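Structure, as structure tokens:
Derivation of every value follows stated rules applied to the coordinates shown; laboratory data play no part. Everything quoted here is computed from the prediction, not taken from an experiment. Note that we place each Cβ from the backbone using ideal geometry, even for glycine, and neighbour counts take in every protein chain shown.
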Amino acid sequence: MPARAADSDPRARVLRWLARRDRSERELRERLAAWGVPAAEGEAILGELKERGLVDDAALAGRIRDWHCRHDPVGPRGLRERLRRRGLPDDLAAAACAPLRDADIQRELADAVLRRRLPALRALDPARRRRRLAAHLERRGFDGDLIRAALAELEDGDTEAEDATPC
């Protein structure tokens, strides 16, 4: 079966790959190298994409943060790790995490995680449930002080709060 002409054009391949979801500059650079595109040609393609606004690592970091705030809450440490895995530089990851440094926002995010996780753990004895919830929050990137405060409030029975978007 003959290969399509567009399959050999790196620009067309990158555009199809970008159509699936946003990619970081590093992800694109690595993919171009894996496809065997010479470095100079790959940099030219990346430059063109950045000029056209199709690749913007700062905007991508903000979109990832906003998505996590609405759909899959994580703490600042968890967000930073997710941004690093996507190939975003540390300075952009730090800037994207800055709004999550607010204690009230972190608390709302942690409460959202607890509301989602708690129903599956209701049958456990309280000590075991507390350990599992604490471990879950820690894996999601929340710090120890926040975890203790959120679990203390949970024990007071204040888990029926409204589901609001914290960011």
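Note on LYS50 and ALA149: the extension gain reaches 31.3 nm, defined as 0.36 nm multiplied by sequence separation minus the Cα-Cα distance. Each residue, GLU43 and ASP9, gets one label point 7 Å from its Cα in the Cβ direction; the gap between the two is 2.5 nm. Using the Cβ-Cβ distance between ALA135 and ARG115 with R0 set to 22 Å, the FRET efficiency works out to roughly 0.85. The Kirkwood radius of segment 5-51, taken over pairs of alpha-carbon atoms, gives through the Stokes-Einstein law at 25 °C and 0.890 mPa s a diffusion coefficient of 232 µm² s⁻¹.
Rounded to the nearest 20 debye, the dipole size of the chain about its Cα centre is 800 debye, using +1 on the Cβ of Lys and Arg and -1 on the Cβ of Asp and Glu. Which is the longest stretch in the chain that no exposed loop site breaks, taking sites as trypsin sites (Lys or Arg not before Pro) with a DSSP loop state and at most 14 other Cβ atoms within 10 Å? Longest site-free region, per DSSP loop and neighbour criteria: 53-121. For segment 1-91, the Cβ-based charge dipole about the Cα centre amounts to some 440 debye (Lys, Arg positive; Asp, Glu negative; other atoms uncharged). Dipole of the chain computed with +1 at Lys/Arg Cβ and -1 at Asp/Glu Cβ about the Cα centre; of GLY75, ALA93, ALA134, farthest Cα towards the positive end is ALA134. Each residue in SER8, SER24 was given a count of other beta-carbon atoms within 10 angstrom of its own, and listing them fewest first yields SER8, SER24. Note on ASP90 and TRP35: the extension gain reaches 17.2 nm, defined as 0.36 nm multiplied by sequence separation minus the Cα-Cα distance.
Debye calculation, C-alpha points only, no solvent: report log10 I(q)/I(0) for the chain at q = 0.08, 0.09, 0.13 Å⁻¹, in the same order as the q values. Listed by q, the Debye log ratios stand at -0.36, -0.43, -0.71.
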